[in-house]
Amino acid sequence: MIHVTLVGGQDRQIEDALRIGGIDAVRATADGAVSKPADVVVFDVRGQDGLPSVVSALKRQHSDVPVVILASKLEPALLLDAMRAGVNEVVAEPIDHEELARVITRVAGSRLHAEPGRLYGFIGAKGGVGTTTIAVNVATSLGSVIKPERALMIELQNAAGDAPLFTGAEPRFSIVDAVDNTHRLDQVFFRNLVTQIAPATDLLASPERPPASGLDVQRIKQVIAFASTVYKHTVVDVARSDRSILESLDQLSTIYVVVNQELATVKSASRMTAMLRDRYGREKVALVLSRSDRNADISQSDVEKAVGCSVTHTFPSNYRVALQALNKGRPVALDNHNDLSASFRRFAQQLAGVRPPREGGKSPGLFGRLTHSRS
Ligand SMILES: Nc1ncnc2c1ncn2[C@@H]1O[C@H](COP(=O)(O)OP(=O)(O)O)[C@@H](O)[C@H]1O
Ligand SMILES: [Mg+2]
């Protein structure tokens, strides 16, 4: 997410228009912009005479912060002043909001996170184990953990994923639109393909019907790689039985096989884990336990022995909460105070490398402070 400081002007539509392009614009006074500029500063000087002196003041203090000017007209005198002040771009009326978003994205360029984001795949050992439930809720929790950044969920299936059902979302576009347009993938285009499913989480949905020609492995990889340049954290709900999809997981940071404590699922998890480890390397594949049940005949350690892989995280069984969330089309993770949403949150915190807040919010005390390492 690109953060913009917006100074001057009366145009209240700009913030909304930029937000659609995935840009967070916050208004500030000229002094505020100079003392604490965001990734990019936009000065709206329409209707003013010449360039305000604060622009060069900002550039003197923060030479690396890109500056964009919104002007009534591209007048030579203004352009010259802008050039002297070190302004990066001047956009004149009529202001095309989509174009403005592109300009901001471009000038923000090098200041964006250079490292690609992390991608977490979830793949069910069998249908119905709770993979989509986990993907939707981990993505939702990740969003709230990393705010003001946003998290992404990708439904990597060739048709009819369940995420809209779990979230009440009505996606207009799908991963097929991304795959068909890999030649024109940019931030603005990509942001238009996703649908918001939680306050800080977006979804790149599967299509309603399978594409006639199937999904191309190289192009899926390109889309996944591109997503990781836009979002720092992406959760991927991976279809179990589509060959091209199973061959396009190279970029995923970790692939979590979702298992439960049923015999047939455990057998299938064992095959799937072995296959994925063979293809992508041992360290990339991990196991999570869905609907965990202490009283089940097959214990967690039985599962681990049978699959030959330790369980990274367990999600408790909570039939009532899961059903209620599905009926409401609202992710469990958005409501606190139940064991299931707490476990999604803990997992998301782990993935994002965020320490959970201390129980009860108490300060650690002298001994805690003496022994606690600073990081
Ligand atoms: N932790 C859980 N506790 C209780 N029920 C769950 C849990 N996780 C999922 N379910 C239920 O199991 C069913 C299948 O879940 P889903 O996520 O669609 O599985 P999958 O994607 O693996 O097919 C849904 O009805 C869902 O509400
Ligand atoms: Mg599913």
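Filter region 145-168 down to residues that are outside any strand (DSSP E or B) and crowded, with 17+ Cβ neighbours inside 10 Å, then give me how many there are.
To start, the set of residues in region 145-168 that are outside any strand (DSSP E or B) comprises 145-150, 157-168.
Now narrow it down to the ones that are crowded, with 17+ Cβ neighbours inside 10 Å: 145-146, 149-150, 157-158, 161-164, 166-167.
Residues meeting the conditions: 12.
Restricting attention to region 25-80, the residues that are in contact (Cβ under 8 Å) with a residue 40 or more places away in the chain, assigned to a loop (DSSP other than H, G, I, E, B) and under 14 Å from Ala92 (Cα atoms) add up to 2.
Does region 309-330 include one or more residues that are farther than 21 Å from Ala348 by Cβ, surrounded by 15 or more Cβ atoms within 10 Å (Cβ to Cβ) and either aliphatic (A, V, I, L, M) or within 16 Å of ligand 2 (Cβ to nearest atom) (or both)? Scanning region 309-330 turns up no residue that is farther than 21 Å from Ala348 by Cβ, surrounded by 15 or more Cβ atoms within 10 Å (Cβ to Cβ) and either aliphatic (A, V, I, L, M) or within 16 Å of ligand 2 (Cβ to nearest atom) (or both).
Taking region 249-276 as the range and being free of Cβ contacts under 8 Å to residues at least 40 places away in the same chain and either over 22 Å from Glu304 (Cβ atoms) or within 23 Å of the chain's Cα centre (by Cα) (or both) as the test, only Asp250 passes.
Among the residues making up region 43-69, those that are among the hydrophobic types (A, V, I, L, M, F, W, C) and under 13 Å from Thr5 (Cα atoms) are Phe43, Val55, Leu58, Val65, Val67, Val68, Ile69.
Considering (1) under 29 Å from the mean Cα position of the chain (by Cα); (2) small (Gly, Ala, Ser); (3) outside any helix (DSSP H, G or I), the lone condition that Gly9 does not fulfil carries the number (1). Pairs linking a residue in region 160-175 that is touching a residue at least 60 places away in the same chain (Cβ under 8 Å) to a residue that is outside any helix (DSSP H, G or I) and near ligand 1 (Cβ under 9 Å from one of its atoms), with Cβ atoms under 8 Å and 6 or more positions apart or on different chains, are Gly161/Asp237; Ala163/Asp237.
Do we find that Leu326 is within 12 Å of ligand 1 (Cβ to nearest atom), touching a Ser or Thr at 6+ places or on another chain (Cβ under 9 Å) and either at positive phi or not polar (S, T, N, Q) (or both) in this structure? Criteria met by Leu326.
Please verify whether region 116-130 includes one or more residues that are at pLDDT below 90 and over 30 Å from Val257 (Cβ atoms). Explain how you work it out, then say what you get.
Within region 116-130, the first condition is being at pLDDT below 90, and the residues that meet it are 116.
Restricting the remaining residues to those that are over 30 Å from Val257 (Cβ atoms) gives none.
Scanning region 116-130, I find no residue that is at pLDDT below 90 and over 30 Å from Val257 (Cβ atoms), so the answer is no.
The residues on offer are Ile14, Ile95, and the sole one that is part of a helix (DSSP H, G or I) and either surrounded by 12 or more Cβ atoms within 10 Å (Cβ to Cβ) or on the phi < 0 side of the Ramachandran plot (or both) is Ile14. Scanning region 124-137 for residues being more than 19 Å from Lys328 (Cβ to Cβ) and either of a type in the set (Val, Ile, Thr) or more than 9 Å from ligand 2 (Cβ to nearest atom) (or both) gives a total of 4. Hey, any hits in region 152-160 for a residue that's out of contact with any Pro (no Cβ under 8 Å at 6 or more places or on another chain), within 16 Å of ligand 1 (Cβ to nearest atom) and among the acidic types (Asp, Glu)? The answer is yes; a qualifying residue exists.
The values are calculated or read from the model by the stated rules, or taken from the named source; none is laboratory data. Quantities reported herein were computed from a predicted structural model and do not represent experimental measurements. As a convention, Cβ positions derive from the backbone with ideal geometry for all residues, glycine included, and neighbour counts pool all protein chains shown.
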